[in-house]
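Below is one structure, written out as structure tokens, with a few remarks after it.
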Amino acid sequence: MNCPKCKAVMEIVVFEDVEVDRCTGCKGLWFDSRENERLKSMRGSEIIDSGDPKTGRKNNTIPYVRCPRDGNPLVRMVDPAQTHLWYETCSTCGGAYFDAGEFRDYKNLTVLDFIKDLFAKPRA
């Protein structure tokens, strides 16, 4: 499978019994249906997100990407608890793509997230 953002090969990384695909180039993460929610509650799972958040922010500007599983267009989603954070999901297979650094942010809700959301620019 190839990364939907940079097209590099994805490698399988395992945390406990959950397999996630991580890009060998930009370090984005592909979660099959609901794996991101499952890992969010697991202590220490942020270790799988080893990429540079600067690269993730740059790749987050890529407007149109396709699902690495089935080729359908991915839809941008906003995390309701952290509105500054968006990631892409597939409406067909239920998978989700997080750019480098986004899963760590998604997993760790902090007071700083509340402040970021107060000053976030509205999205079109």
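The values are calculated or read from the model by the stated rules, or taken from the named source; none is laboratory data. None of the values given here were measured: they were computed from a predicted structure. Counting neighbours? That spans all protein chains shown, and the Cβs are built from the backbone with ideal geometry, glycine included.
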Among the numbered criteria (1) touching a residue at least 40 places away in the same chain (Cβ under 8 Å); (2) aromatic (Phe, Trp, Tyr); (3) surrounded by fewer than 13 Cβ atoms within 10 Å (Cβ to Cβ), which one does TYR64 miss? (1)
Looking at ILE12, ILE47 in this structure, which one is in contact with a strand residue (DSSP E or B) (Cβ under 9 Å, 6 or more places away or on another chain) and part of a helix (DSSP H, G or I)? ILE47
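To keep it simple, each residue is scored yes or no on (1) part of a loop (DSSP other than H, G, I, E, B); (2) more than 16 Å from LYS5 (Cβ to Cβ).
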| site | (1), (2) |
| --- | --- |
| GLY25 | yes, no |
| GLU37 | no, yes |
| ARG57 | no, no |
| TYR64 | yes, no |
| VAL78 | no, yes |
| GLU88 | no, no |
Selection within the stretch 29-86 - touching a helix residue (DSSP H, G or I) at 6+ places or on another chain (Cβ under 9 Å) and aromatic (Phe, Trp, Tyr): PHE31, TRP86
If we scan the stretch 91-99, do we find a residue that is free of Cβ contacts under 8 Å to residues at least 12 places away in the same chain and either in a loop (DSSP other than H, G, I, E, B) or under 18 Å from ALA8 (Cα atoms) (or both)? no
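Determine, yes or no, whether VAL20 is hydrophobic (A, V, I, L, M, F, W, C), assigned to a strand (DSSP E or B) and buried (at least 19 other Cβ atoms within 10 Å of the Cβ).
Details: hydrophobic (A, V, I, L, M, F, W, C): yes; assigned to a strand (DSSP E or B): yes; buried (at least 19 other Cβ atoms within 10 Å of the Cβ): yes.
Spelling it out, VAL20 is indeed hydrophobic (A, V, I, L, M, F, W, C), assigned to a strand (DSSP E or B) and buried (at least 19 other Cβ atoms within 10 Å of the Cβ).
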Residue check for VAL14: at pLDDT 95 or above, over 17 Å from GLU102 (Cα atoms), surrounded by 16 or more Cβ atoms within 10 Å (Cβ to Cβ) and touching a helix residue (DSSP H, G or I) at 6+ places or on another chain (Cβ under 9 Å): no
